[in-house]
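Working notes, beginning with the structure itself.
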Amino acid sequence: MAKLTASEQVQLLIQSVSQAFLGKEEVVTNAALALIAGGHLLLEDLPGLGKTLLAKAIAKSLSAEFKRVQFTADLLPSDITGVTIYAPERREFTFRPGPIFTNVLLADEINRATPRTQSSLLEAMEEQSVTVDGTLHHLASPFFVLATQNPVELEGTYPLPFAQMDRFMLRLSVGYLAPAAEVQMLRSQQQVDPLARVQAVMDCPTLMRIQEQVRAVRTEESLLTYLVQIVNATRKADSLEYGASPRGSLDAHRFAQALALLAGREYVLPDDIKAAARIVLPHRLIARKGGRSTTLSARGVIDHIIDSVPVPV
């Protein structure tokens, strides 16, 4: 049997997750792209739409270690990162790791915790390490944070700080199922747990090799300039108070490389840059009125910028 290409392996991952997470292949595909691009994912939508199921299906398809943290108002940073405790029998302090020491971390309803607790993920998401009592602890590889949050208008929620939002490569909305897909879901889950159909199609070492292949996808200098022009235009837009950060440029580039790999190419096309900009940048924009722009209006700004920036020939 011929060895599968990286693109075929990612397609298998998408198909495996879709066995449990029905009717939302675009969401599953974007989640898989964020995963192979080395980013983190934020799912923002109403309760009951399968956000937790998606995280569990990804972890099972990867045969990866999975941990879940239910964020609440009384959750402390040490409940996530871990704590140093004194062992009297050994007369020494030992570190007890928190749930963040895993491959796939589900930060469920992240915006129900206070900003102080939310910020406990900042170092982990950026540097893949945590510092507890002055000691640096490295996390496992790969490390993927899949956070969920309810709309900020709901009672008992705290808006994510801008620095936290910027560390998520993507912010996706799941949305309701189409009626036909919802009927299929009811039928398929009548007797069988949806996760029972999910098989491990990839392991962590394979995922790490694919992530290295994503970074090796070639991007011409003119396309890098094109991407920077798009990002820079968000910083000058009259309707925006703040545009995308340099981290946004990095994430958009990495996502474009992942799109190329999924398509079976070893090089990035202008269409990859456009698609990446439309999905990676909107949640990083702050509207001029002072509040974070909605996804819809932010995407409108991105669409206008993409139409106005000349595509390199």
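Here are a few things to note about the model shown:
- Qualifying positions in region 59-82 - within 20 Å of Val130 (Cα to Cα) and either touching a Lys or Arg at 6+ places or on another chain (Cβ under 7 Å) or of a type in the set (Asp, Glu) (or both): Glu65, Phe66, Phe71, Pro77, Asp79, Gly82
- If only residues of region 225-248 that are of a type in the set (Ser, Thr, Tyr) and in a loop (DSSP other than H, G, I, E, B) are counted, the one that is surrounded by the most Cβ atoms within 10 Å (Cβ to Cβ) is Ser245.
- Filter result for Glu220 (touching a residue at least 24 places away in the same chain (Cβ under 8 Å) and under 25 Å from Val27 (Cα atoms)): no
- Here Ser222 fulfils each of the conditions (1) more than 25 Å from Val10 (Cβ to Cβ); (2) part of a loop (DSSP other than H, G, I, E, B); (3) among the small types (Gly, Ala, Ser) apart from (2).
- Residues being in a loop (DSSP other than H, G, I, E, B) and closer than 18 Å to Gln189 by Cβ - total across region 4-21: 1
- Candidates Ala181, Ala140, Ala200, filtered to the one that is small (Gly, Ala, Ser), assigned by TED's automatic domain parsing to the domain that holds Ala73, over 30 Å from Leu269 (Cβ atoms) and touching a residue at least 60 places away in the same chain (Cβ under 8 Å): Ala140
- As a summary of the residue check, Lys56 satisfies the conditions (1) modelled with pLDDT of 85 or more; (2) surrounded by 24 or more Cβ atoms within 10 Å (Cβ to Cβ) except for the one numbered (2).
- Looking across region 223-252, the residues that are over 15 Å from Ile306 (Cα atoms) and touching a residue at least 24 places away in the same chain (Cβ under 8 Å) come down to Asp238, Ser239, Leu240, Glu241, Tyr242, Ser245, Arg247, Gly248, Asp251.
The values are calculated or read from the model by the stated rules, or taken from the named source; none is laboratory data. Quick caveat, the model's predicted, so the values are computed rather than measured. With ideal geometry, Cβ positions are generated from the backbone for all residues, glycine too; neighbour counts draw on all protein chains shown.
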